[in-house]
Amino acid sequence: LIGGATTSKMHTAVKIAPQYSQPVVHVLDASRSVVVCASLLDASMRGDYIDDVKEQYAELREEHYASLEERKFYPLEKARAMRYHIDFKLRPPPAAPKMLGTKVLLNYPLERLIAAIDWNPFFQVWQLRGTYPNRGYPKIFNDANVGPEAKRLFSDAQAMLKEIVDGKLLEARGVIGLYPANSVV
């Protein structure tokens, strides 16, 4: 099973699956892996499921390679000559960051992270999708079909987050790295 934020179904079909003799399946997130595993472990479903995945991946590979034929690649020297030029007299460079290098964040305030949560994947995992124009957070709450359930689920999540923050049940840690960069050409 292949998944996570750094992969896609296309990447799995083009780069990963061809390297293995056994089934390779891209899974959008952990909540969907149960269905995939069940399909792979059920003897009555396994063959058809694997054939479907292989067929889908073959189509994706064909689509990918066809798109490469349409791309126009330039020799390195020509590409460098065509690069975007910035006139820093007309457009001053951005201000330098206050910090360069690596900074370790220990016990970062969870309250600040909660404000930055993207709730859309949360609702997708629970298979709650509003209809246009009520797709996505917070518009999903206005949807006639899934709005009430989305509100209830969101309320439960907020209560759980409050319990985690108030009880100091989790500690957030992180690392930030900002380094100087410039063109070498």
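Mind checking whether some residue in the stretch 68-85 is within 30 Å of I16 (Cα to Cα) and under 22 Å from the mean Cα position of the chain (by Cα)? Write out each step before concluding.
Looking only at the stretch 68-85, we keep the residues that are within 30 Å of I16 (Cα to Cα), and these are 68-76, 79.
Next, from what is left, pick out any that are under 22 Å from the mean Cα position of the chain (by Cα): none.
Among the residues of the stretch 68-85, not one is within 30 Å of I16 (Cα to Cα) and under 22 Å from the mean Cα position of the chain (by Cα), which makes the answer no.
Please specify each residue of the stretch 59-86 satisfying the condition of being open to solvent by less than 80 Å² (accessible area, probe 1.4 Å) and either touching a Pro at 6+ places or on another chain (Cβ under 9 Å) or free of Cβ contacts under 8 Å to residues at least 12 places away in the same chain (or both). Lay out the reasoning, then the answer.
Residues of the stretch 59-86 open to solvent by less than 80 Å² (accessible area, probe 1.4 Å): 60-61, 64, 66-68, 79, 81.
R61, A66, S67, L68, A79, A81 - these are the residues of the stretch 59-86 that are open to solvent by less than 80 Å² (accessible area, probe 1.4 Å) and either touching a Pro at 6+ places or on another chain (Cβ under 9 Å) or free of Cβ contacts under 8 Å to residues at least 12 places away in the same chain (or both).
Output the number of residues of the stretch 12-58 satisfying the condition of being open to solvent by 90 Å² or more (accessible area, probe 1.4 Å), closer than 23 Å to V125 by Cβ and either touching a His at 6+ places or on another chain (Cβ under 6 Å) or in a loop (DSSP other than H, G, I, E, B) (or both).
Residues flagged as open to solvent by 90 Å² or more (accessible area, probe 1.4 Å), closer than 23 Å to V125 by Cβ and either touching a His at 6+ places or on another chain (Cβ under 6 Å) or in a loop (DSSP other than H, G, I, E, B) (or both) within the stretch 12-58 amount to 1.
Determine whether the stretch 169-181 contains at least one residue that is closer than 30 Å to P94 by Cβ and without any contact (Cβ under 8 Å) to a residue 24 or more places away in the chain.
First, pick out the residues of the stretch 169-181 that are closer than 30 Å to P94 by Cβ: 172-181.
Subsequent filtering for residues that are without any contact (Cβ under 8 Å) to a residue 24 or more places away in the chain retains 181.
Checked against the condition, which is being closer than 30 Å to P94 by Cβ and without any contact (Cβ under 8 Å) to a residue 24 or more places away in the chain, the stretch 169-181 yields at least one hit.
Give the stretch 7-33 a look and list any residue that's more than 21 Å from Y65 (Cα to Cα) and modelled with pLDDT under 90, or say none.
L28, D29, A30, S31, R32, S33
Residues are listed down the side, and each one gets a yes or a no for (1) at pLDDT 95 or above; (2) within 21 Å of R32 (Cα to Cα); (3) open to solvent by 100 Å² or more (accessible area, probe 1.4 Å); (4) among the charged types (D, E, K, R):
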{"site": "R112", "(1), (2), (3), (4)": "no, no, yes, yes"}
{"site": "W126", "(1), (2), (3), (4)": "no, yes, yes, no"}
{"site": "T131", "(1), (2), (3), (4)": "no, no, no, no"}
{"site": "N134", "(1), (2), (3), (4)": "no, no, no, no"}
{"site": "D143", "(1), (2), (3), (4)": "no, no, no, yes"}
{"site": "G147", "(1), (2), (3), (4)": "no, no, no, no"}
{"site": "A159", "(1), (2), (3), (4)": "yes, no, no, no"}
{"site": "L169", "(1), (2), (3), (4)": "yes, no, yes, no"}
{"site": "Y179", "(1), (2), (3), (4)": "no, no, yes, no"}
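Considering only residues that are modelled with pLDDT of 90 or more and β-branched (V, I, T), which ones fall in the stretch 34-90?
V36, I50, V53
The values are calculated or read from the model by the stated rules, or taken from the named source; none is laboratory data. What you see is a predicted model; the values in this text were computed from it and never measured. Counting neighbours? That spans all protein chains shown, and the Cβs are built from the backbone with ideal geometry, glycine included. Heavy atoms of the whole protein, side chains included, go into the accessibility calculation; ligands, DNA and RNA do not. Shrake-Rupley method; radii C 1.70, N 1.55, O 1.52, S 1.80 Å.
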